[in-house]
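Derivation of every value follows stated rules applied to the coordinates shown; laboratory data play no part. The structure displayed is predicted, hence computed values, not measured ones. Every residue, glycine as well, gets a Cβ built from its backbone with ideal geometry; the counts of neighbours run over all protein chains shown.
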Amino acid sequence: MQNKVHEYITSRIEKGEKLHFTLVDPDKSLDKIDKIAKDMVEAGTDAFLIGGSLAVTPEEASETAKTLKEYGLPVIVFPGNINCLTKEADAVLFLLLLNTTDIYYVIGAQLAGAPIIKKYGLEVLPTGYIVVYQDSAVAHVGRIVPIPVKKPEIIASYALMTEMLGLKYLYIEGGSGASHPVPTSFPRAAKKSTENLIVIVGGGIRSPEVARELALNGADIIVTGTIVEESMEKARKIVNALKNP
Ligand code: 1GP
């Protein structure tokens, strides 16, 4: 199995870099996607994620991936469900939603998606996924049990089990457009309880200060989506804060 994107990520992290991933929603016009990609590549983002919880057609996912591929950075599917899979991407975050009550998001989607991922030849980035807050589309669709913000030890246990299961990544998610980012104690707890787990944090990150704090507290990769659409200037500052702390 190919390992190119994982190597691209780990080689940078090993050098002490913090990475920034730009989340692109395929439910947008291709013109807008082109502009976002151009601006974010100039800003220094490290990869593109494509996906959404609702309303993504396989055709939109493919068109988006094709457009983003022209910018030379890794394009990674961040699937809300199997409809987001496309062979035009380089890799997929193969997500296990850890704090759900619905087994479909732990085993069902993975069972349906695995043979498709194989046919498409996508690189697999095995990822434990935790959605912290209740108030987002992903939380509703994924039927999650929220994580109490004063209980980082719960995140530490999830991180430990993620690593024990052999998954390489843990994505701590506030939910797209969340009013607050996840607490800094969460990536810190995840990092402290594990050896080699790569910690991704996203959801509600809108300022360079917040991005920097999360990175200083253990986040290896910061994901932003909403701010990229709202203010390219702020998005640029966020990338800059991660690259020049
Ligand atoms: C959502 O973590 C991502 O899955 C990004 O969230 O849109 O709030 O930046 P935002």
Check: Lys/Arg Cβ at +1, Asp/Glu Cβ at -1, dipole of the chain taken about the Cα centre: which of 122, 140, 219 is farthest positive-ward?
Finding: 219
Item checked: Residue among 102, 90, 25 with the largest mean-square fluctuation in a Gaussian network model of the chain, springs linking Cα atoms under 10 Å -> 102
Notebook entry, point to check: Taking the chain as a Gaussian network, Cα atoms linked when under 10 Å apart, which of 149, 24, 132 shows the biggest mean-square fluctuation?
Noted result: 149
Note to self: Run the numbers for residue 59 and residue 28: contour at 0.36 nm per residue of separation, minus the present Cα-Cα distance, in nm.
What the structure shows: 9.9 nm
Next item on the list: May I ask you to derive the relative contact order of the chain, considering only C-alpha pairs under 8 Å and at least 6 residues apart, and to give it as an integer percent?
Entry: 18
Item checked: Reachable aspartates and glutamates from residue 38, criterion Cα separation under 14 angstrom, eight or more residues apart if same chain -> 46, 70, 229, 233
Notebook entry, point to check: What percentages, rounded to whole numbers, describe P(r) for region 47-89 computed over all alpha carbon pairs with 5 Å bin width beginning at zero?
Noted result: 5, 31, 36, 20, 8, 1
Item checked: Calculated log₁₀ intensity ratio I(q)/I(0) where the Debye formula runs over C-alpha points of region 4-243, q = 0.11, 0.12 Å⁻¹ -> -0.49, -0.59
Item checked: Residue-wise HN-Hα coupling along region 26-36, computed from phi with Karplus coefficients 6.51, -1.76, 1.60 (Hz; x: Gly, Pro) -> x, 7, 10, 6, 5, 4, 5, 4, 4, 5, 4
Margin query: Cut-off 10 angstrom, C-alpha nodes, Gaussian network model of the chain. Which of 30, 167, 19 fluctuates the most?
Written below: 30
Note to self: For a quick check of your reading of the filter: which trypsin sites (Lys or Arg not before Pro) in region 1-74 sit in a DSSP loop and have no more than 15 other Cβ atoms within 10 Å?
What the structure shows: 15, 28
Item checked: Paired Rg and Dmax values of region 142-200, which use every Cα atom, in angstrom -> 11.2, 32
Next item on the list: For region 116-152, run through the trypsin sites (Lys or Arg not before Pro) and keep only the ones in DSSP coil with at most 10 other Cβ atoms within 10 Å of their Cβ.
Entry: 150
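Which shape class, rounded, prolate or oblate, goes with region 110-245 when its Cα gyration tensor gives a ≥ b ≥ c as root eigenvalues, a/c under 1.5 marks rounded, and past that a/b bigger than b/c marks prolate?
Numbers: a/c = 1.43, a/b = 1.25, b/c = 1.15.
Rounded, since a/c falls under 1.5.
Using Cβ contacts closer than 10 Å as the measure, can you line up 145, 124, 228, 131 from fewest to most?
Values: 145 11, 124 18, 228 23, 131 29.
Exposure proxy ranking, most exposed first: 145, 124, 228, 131.
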Notebook entry, point to check: When all C-alpha to C-alpha distances in region 19-143 are sorted into bins of 5 Å, what percent of pairs does each bin hold, rounded to whole numbers?
Noted result: 2, 12, 21, 24, 19, 14, 6, 1, 0
